[in-house]
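One structure below.
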Amino acid sequence: TAVGLNELVLSRGDVNRVLTLDVHIDGIPLTTYRSDGVLVATATGSTAYALSAGGPIIDPRSKSLVLVPIAAHLTAVPSLVLHEDTVVTLTKRSHYEAALSVDGGTSVPIQQHDVVQVRRSRQVCTLARVQPPEELYASFVRRLRRE
């Protein structure tokens with residue numbers, strides 16, 4: 001068990017081979033990604049790796065999660081914004097190397113048929129805001145334009 005603030009990433013290891021990952025949402029099969037990996041991010045993490053991988057920016061006041069495939073090959077399911085109570089289950093089908101990392105921490109090897117469940121933690125992290133709330137989106141625009 002691990003707790004993170006930003007994102008969980010299940011990605012290929014050192015071998016440059018596509019991973020095959022089954023994705024279930026609340027126990028219901030969603031898709032099988034053939035990709036470099038998949039990440040599940042919080043609103044806080046949506047402006048980091050998830051954004052770089054093509055995911056949306058989630059309002060930081062939201063409790064939603066976002067599911068983002070990383071360099072997916074021929075997928076019909078793009079990034080998804082998920083309800084805060086959603087349980088995402090990832091099952092590694094391919095036999096190639098893969099690793100799991102939370103918030104960029106130490107990678108843990110994941111074996112074929114290993115199952116990873118991701119859900120929002122009951123733990124709450126309170127962050128200090130140094131700008132008024134109305135400055136939030138203006139700040140996003142400045143950063144995205146690199147002003």
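Can you tell me the orientation of helix 136-145 relative to the chain, as the angle in degrees between its alpha-carbon axis and the longest Cα principal axis, to the nearest 10?
60 degrees
Express in % the proportion of alpha carbon pairs of the chain at distances exceeding 23 Å.
So the portion of pairs separated by more than 23 Å is 35 percent.
Tell me, how many Å apart are the Cα centres for region 61-112 and for region 15-40?
Here the two parts' Cα centres lie 7 Å apart.
Read phi for every residue in region 73-89 and hand back ³J(HN,Hα) as whole Hz from Karplus 6.51 cos²θ - 1.76 cosθ + 1.60, θ = phi - 60°, with x for Gly and Pro.
So the J values, rounded to whole Hz, are 9, 6, 9, 8, 10, x, 4, 10, 8, 10, 4, 4, 8, 5, 10, 9, 10.
More than 22 angstrom separation, counting every C-alpha pair in region 7-78; what % is that?
Taking all Cα-Cα pairs of region 7-78, the fraction more than 22 Å apart is 21 percent.
For a label point 7 angstrom out from the Cα of Val3 toward its Cβ, which stretches of region 93-130 have the backbone nitrogen within less than 13 Å?
120-126
Compute the distance in nm between two label points, each set 7 Å from the Cα along the Cα-to-Cβ direction, one at Thr75 and one at Arg145.
3.1 nm
Below 8 Å between Cα atoms, with a sequence gap of 6+, how large is the relative contact order for the chain in percent?
Dividing the mean separation by the residue count of the chain yields 25 percent.
Each value in this text was obtained by applying a stated rule to the coordinates, not by laboratory testing. A quick note: this is a predicted structure, and the numbers were derived from the prediction, not measured. Virtual Cβ from ideal backbone geometry, glycine too; neighbours counted across all protein chains shown.
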